[in-house]
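The values are calculated or read from the model by the stated rules, or taken from the named source; none is laboratory data. Remember, predicted model here, so these are calculated numbers, not experimental data. With ideal geometry, Cβ positions are generated from the backbone for all residues, glycine too; neighbour counts draw on all protein chains shown. Side chains are part of the model used for accessible areas, which takes the heavy atoms of the whole protein and leaves out ligands, DNA and RNA. Shrake-Rupley method; radii C 1.70, N 1.55, O 1.52, S 1.80 Å.
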Amino acid sequence: QPRISNTASWTISTADLTAWGNKVKPTAQLAYTGGGEYKSGKWCRFCKASAACRKRTEEMFAAASGMSTPAALMTDAELGAVLEKADDISHWAKSLQDYALSEILAGRKIDGWKAVEGRSNRTIQDVDAAFDRLRAAGYADALLYKRKPLTLTQLENVITAPKLSELIGDHICKPRGEPALAPASDKRKDYTDTA
């Protein structure tokens, strides 16, 4: 379940649960056999078939097709409508890529695509042995290691949040966050330069 405004637990009577089950059973059986009407929406991100779902794909490609003006730039209303879909489109594109990669790795051929080795970073296999050799060559620990303070979260794990606040609370500040785009339904206050 989505974590935002989530209900962690709830209670329902056996009679109500059975009544609900009987109500949705015909629709569930229809869906299980591949029948029924396909509907796309926010819930698709929780569906295992959303990456390859034709209805979902049609909706993603239709997001920009409702433009009402032939102008080179979108109107504010069109921009808002496309932005509303942008989050869904990015999630869908990522799930589509993940699905295609897993299918290719399972032996399926996807026209025009293949699996390749991704970017990799070099690592030291045995840090202790390697650094022993560097020390033996005359390099001091001060050159081989960086000393840096723990983050606030790490300090709270060591000292506890209340004790940390008591000891250095006057040195802790929370700077203003950078402006971020959010739907109008977001509960946070509007960002202003004067705040």
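Report, to one decimal in Å, the Kirkwood hydrodynamic radius for region 81-140 based on all distinct Cα pairs.
16.0 Å
How many Å² of accessible area per residue for region 13-172, probe 1.4 Å?
Per residue, region 13-172 has 86 Å² of solvent-accessible surface.
Applying 1/(1 + (r/R0)^6) with R0 = 35 Å to the Cβ-Cβ distance of D141 and K174, what FRET efficiency is obtained, to the nearest 0.05?
Efficiency, from the Cβ-Cβ distance: 0.50.
With 21 Å as the limit, write out which pairs from K42/K187; K85/K109; K39/K85; K55/K85; K39/K114 have Cα-Cα distances beyond it, or answer none.
K85/K109; K39/K114
After finding the eigenvalues of the alpha carbon gyration tensor for region 43-155, what semi-axes result from the square roots of 5 times each, listed largest first in whole Å?
48, 24, 14
I want to verify the translational diffusion coefficient of the chain in µm²/s; compute it with Stokes-Einstein, Rh as the Kirkwood radius over Cα pairs, at 20 °C and 1.002 mPa s.
Calculated translational D: 87 µm²/s.
Share of region 43-195's accessible area from carbon and sulfur, percent, 1.4 Å?
Answer for region 43-195 is 57 percent, counting heavy atoms of protein chains only.
Restricting everything to alpha-carbon atoms, can you work out Rg to Rh for region 148-195 with a Kirkwood hydrodynamic radius?
Checking Rg against Rh, the ratio lands at 1.15.
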